[in-house]
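The values are calculated or read from the model by the stated rules, or taken from the named source; none is laboratory data. Remember, it's a predicted structure, so these values are computed and weren't measured experimentally. Every residue, glycine among them, receives a Cβ derived from its backbone with ideal geometry; neighbour counts consider all protein chains shown.
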Amino acid sequence: MSYEFAEKSILGAMFEENYLILDSHMQARFFQGHVHQTIYTVMRELAQEGKPVDYITVLTRREPSELGGVNYVYGLKRFANVIRFDEYEEMIIDQWKKQETARILHQAIEQDWSGDDVVHVLEELDELNNGREVTILSEYLVTQFERPFLPDQTKPGISTGLVDLDKILNGFQDCEYIVVAGRPSMGKTDVLNHLALQASKDGHMPIVFSLEMNRKTMIDRMIASTGEYNRLRMRDPYKYFTEPQKDRWTPTLNHLNGGGIHINDKSGMTVREIKAKARYIIKTNPTKRSIIFIDYLQIIRPEGNVHNQTVAIGQISNELKAMAKEFDCPVVVLSQLSRASEMRHDKHPVMSDLRDSGNIEQDADVIALLHREDYYERGKAPTNLLEIDIAKHRNGPTGTIKTIYSKETGKLYNFDENYYKRGENK
C-alpha cells in the first residue's frame with residue numbers, strides 16, 4: 001500500500017468522523033505531500049474552532065488550488081476507512097520518523113555533532129512521535145504534599161453492585177483490564193449483564209460487544225434480569241406472564257431505555273474494529289464515564305494470518321490491555337476455561353485453566369473465576385450459589401466471594417439478601 005493512499009484514507013476518515021482530527025496523534029508535517037498538509041491544517045483549524053469539518057467548509061478557508069482542487073477534496077471521502085485509522089496513522093508516523101532520523105543523522109555528520117547531541121535529538125524525536133509527555137518524579141511529587149491533609153478526591157471505581165466484590169476490588173478502576181472466566185453454563189454472560197446494568201444504573205455508559213450472542217437475545221436477557229422475569233416465560237409473555245408481571249413490563253423497558261447501554265453484536269471483530277467503534281461512542285458521549293464489556297475473548301479475530309491459537313490469544317490480550325490504557329476506562333472481557341477443572345476432584349477453577357491462555361495471566365489486572373458447585377451436583381437441590389474467585393488482583397487483595405444467582409432470571413444478588421422470597425413465582 002502506498003503512503004499516499006494511507007494519507008487519503010486518514011483525511012477521508014477525518015471528514016467522516018470529525019472527532020478523529022483532534023483525537024489522533026497526527027500533525028501536518030507527518031504528511032508527505034504539501035496538499036495533504038494544507039488540507040489537514042485547515043481541518044484542524046475548523047475543529048479547534050468547534051465548527052463542522054466537511055469538504056465545503058474546508059474549501060472556504062483556502063483557494064481550491066492550494067487543496068488540490070474541488071474534486072480532489074470531495075473525492076477524499078471515497079478513501080475513508082475508520083476501522084483501519086490507527087493502522088494507517090501508525091504507518092504514516094513511522095515513515096515520517098524514518099525520514100526525519102535520516103535527515104538528522106545526515107545533518108549531524110555535516111555539522112560534526114557530538115554523540116550526546118545526536119542521542120538527545122533522536123530521543124526527542126521518539127518522544128514526539130509517540131505523543132508522550134516527558135515528566136520527572138518531582139513534578140508529580142509536588143502535587144502530593146497535601147494529600148494526607150485533604151479529603152480524597154480520587155474518582156471511585158465503577159461499582160459491581162455486589163458489596164463483597166466491591167470490598168475486594170474497590171469497583172472497576174480506569175485503565176484496568178479485567179478477565180471474567182468460567183466453564184460453559186457458569187453464568188458468564190449473566191455476570192456481564194449484571195455488571196453492565198449496574199454501571200448503567202449508576203449513571204455510567206456501558207459499551208457491550210456481544211460477539212457470540214445476537215443483540216435481541218442479549219437485550220431480552222437484560223429485560224429478564226431487570227424485571228426479574230423467568231426467561232422461559234419471556235418466550236411468550238402474552239401467554240405466560242401474570243398480570244403483575246405485565247404491569248411492570250413498561251416500567252422495566254423505560255428503565256432500560258434510559259440507561260444509555262450500547263450493544264454491538266457484530267461477530268468476528270478484531271480488537272482494532274472494537275476500538276474504532278468504542279472510540280466513536282466515547283467521543284460522541286463525552287460527559288459519560290465509559291466501561292467496555294466484551295463477550296468473549298476467544299472469538300475475537302486476530303490481526304493477520306496467525307495460525308497458532310495461543311499466540312493469537314496472546315496478541316489479542318495484549319491489545320485489550322493497551323485499549324484499557326488508551327481509553328482510560330475499565331475493559332471487562334469474558335473468557336472460556338479449559339476442561340481441566342472438570343477432570344479434578346475439586347472442580348474449582350484456577351488461573352492455569354484459562355483456555356489458550358497466551359498472555360492473559362500476565363496482562364490482566366484482575367482475573368475473576370466463576371464456579372457453581374450445584375452445576376456438578378445434579379442430584380441435589382440447587383443452592384443457587386455462584387462463587388467469584390478473584391484469583392489475581394494487581395493492585396489489591398485477592399479472595400472469593402459468594403453471590404446468589406438466579407439461573408431462571410439471570411439476576412445476581414448480594415449473598416445476604418433473601419433471594420428465595422424475591423425469586424419465587426417469577
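Mind listing whichever residues of the range 235-275 are touching a Lys or Arg at 6+ places or on another chain (Cβ under 8 Å), among the aliphatic types (A, V, I, L, M) and in a helix (DSSP H, G or I)?
Once the filter is applied, which keeps residues that are touching a Lys or Arg at 6+ places or on another chain (Cβ under 8 Å), among the aliphatic types (A, V, I, L, M) and in a helix (DSSP H, G or I), the range 235-275 yields nothing.
Residue-by-condition table, conditions (1) assigned by TED's automatic domain parsing to the domain that holds residue 269; (2) at pLDDT 90 or above; (3) in contact with a helix residue (DSSP H, G or I) (Cβ under 8 Å, 6 or more places away or on another chain); (4) closer than 29 Å to residue 314 by Cβ:
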| site | (1), (2), (3), (4) |
| --- | --- |
| 136 | no, no, no, no |
| 140 | no, no, no, no |
| 153 | no, no, no, no |
| 179 | yes, yes, yes, yes |
| 189 | yes, yes, yes, yes |
| 201 | yes, yes, no, no |
| 229 | yes, yes, yes, no |
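Given the conditions (1) touching a Ser or Thr at 6+ places or on another chain (Cβ under 7 Å); (2) more than 23 Å from residue 6 (Cα to Cα), which single one is not true for residue 89?
(2)
What are the pairs, 6+ residues apart or on separate chains, where a residue within the range 5-34 that is over 12 Å from residue 86 (Cβ atoms) has its Cβ under 6 Å from a residue that is among the β-branched types (Val, Ile, Thr) and surrounded by fewer than 23 Cβ atoms within 10 Å (Cβ to Cβ)?
Pairs that qualify, where the first residue is over 12 Å from residue 86 (Cβ atoms) and the partner is among the β-branched types (Val, Ile, Thr) and surrounded by fewer than 23 Cβ atoms within 10 Å (Cβ to Cβ), are 14/21; 17/82; 18/53; 28/41; 30/92; 30/93.
Among 250, 217, 287, which is surrounded by fewer than 16 Cβ atoms within 10 Å (Cβ to Cβ), at pLDDT below 90 and not small (Gly, Ala, Ser)?
So the residue among 250, 217, 287 that is surrounded by fewer than 16 Cβ atoms within 10 Å (Cβ to Cβ), at pLDDT below 90 and not small (Gly, Ala, Ser) is 287.
Provide a single number: the residues in the range 285-298 that are touching a residue at least 24 places away in the same chain (Cβ under 8 Å), within 13 Å of residue 205 (Cβ to Cβ) and in a loop (DSSP other than H, G, I, E, B).
Step one: filter the range 285-298 for residues touching a residue at least 24 places away in the same chain (Cβ under 8 Å), giving 285, 288-298.
Going one step further and asking which of them are within 13 Å of residue 205 (Cβ to Cβ), we end up with 285, 288-293.
This time we only want the ones that are in a loop (DSSP other than H, G, I, E, B), so: 285, 288-289.
Here the count works out to 3.
I need the full set of residues from the range 180-214 which are buried (at least 21 other Cβ atoms within 10 Å of the Cβ) and of a type in the set (Asp, Glu), in order please.
Of everything in the range 180-214, just one residue is buried (at least 21 other Cβ atoms within 10 Å of the Cβ) and of a type in the set (Asp, Glu), namely 190.
Counting only residues that are under 24 Å from residue 269 (Cβ atoms), out of contact with any Lys or Arg (no Cβ under 6 Å at 6 or more places or on another chain) and at pLDDT 85 or above, give me the strands (runs of 3 or more DSSP E) lying completely in the range 299-411 with at least 2 of them.
Result: 331-336, 366-371.
I'm trying to understand the selection: among the residues of the range 31-46, which are over 24 Å from residue 283 (Cα atoms), part of a helix (DSSP H, G or I) and not aliphatic (A, V, I, L, M)?
Passing the criteria: 34, 36, 37, 38.
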